[in-house]
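The structure under discussion appears below in the form of structure tokens.
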């Protein structure tokens, strides 16, 4: 008999397998049977956990968004608005390097042919991280640590630049060690931040 612990462990295994299949073959190539085989369970057993492929796909995206948000939320321990923004950039790096599957699915390989099917159900989860970054930027502008500008556009610039940095590495166009990668990320972020603070007087 499956206990709640067994059920949760099996769900985690299924989600991990679904991520692998999704990254290799996209939504169209993913099937409940393929995921079950990858997870090491019977094709019928997978339906005890997820009703169908769409439900499983939703859960993969939902877990990805929630995991990303949990990383960002830990940045709120910063004492000042700028501290919290800087910590958010650090947590973005941690998410992209520690949760590679979810990072690639959310930011690089999401199948836009099915995005309209999940948008309604996941719109809140999908926008939490963007809202979080807009709030951090707005707080910095109110604090006076960033130049006055459009908070949403500046937050988009920060997210897009950081995402582009990781996309460069995922595409195998760079072969730095993790330490070199982190050092380059920090320098890139500092250059970006310098442009957003230039002209401010302390």
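Projected onto its three principal axes, the C-alpha set of the stretch 54-197 covers 46, 36, 25 Å, listed from the longest axis down.
Residue ranges 155-162, 85-92, 176-183 sort as 85-92, 155-162, 176-183 when ordered by packing (mean number of other C-beta atoms within 10 Å per residue, highest first).
When the chain is fully extended, how far beyond the present Cα-Cα distance does residue 59 get from residue 94, taking 0.36 nm per residue of separation? Don't skip to the answer; put the middle values down first.
Numbers: separation 35, 0.36 × 35 = 12.60 nm, distance 2.19 nm.
Length gained, residue 59 through residue 94: 10.4 nm.
Taking every Cα-Cα distance in the stretch 1-50 and sorting them into 5 Å bins starting at zero, the pair-distance distribution P(r) comes out as 4, 23, 32, 23, 11, 4, 2 percent. Its Kirkwood hydrodynamic radius, worked out from the mean inverse distance over all distinct Cα pairs, puts the stretch 5-81 at 13.5 Å.
Label-to-label distance, residue 23 versus residue 160, with points set 7 angstrom from Cα along the beta-carbon direction: 2.6 nm. Rounded to the nearest 500, the helix-only mean residue ellipticity at 222 nm of the chain stands at -24500 deg cm²/dmol, with each DSSP H run of n ≥ 4 adding -39,500 (n - 2.57). Segment residue 177..residue 152, full-extension length gain: 5.7 nm, with 0.36 nm per residue of separation and the alpha-carbon distance subtracted.
Every number here is computed from the coordinates shown, using simple stated rules; none is lab data. Owing to the predicted nature of the structure, the values given are computational and were not obtained by experimental measurement. For neighbour counting, all protein chains shown are included, and Cβ atoms are generated from backbone atoms with ideal geometry for every residue, glycine included.
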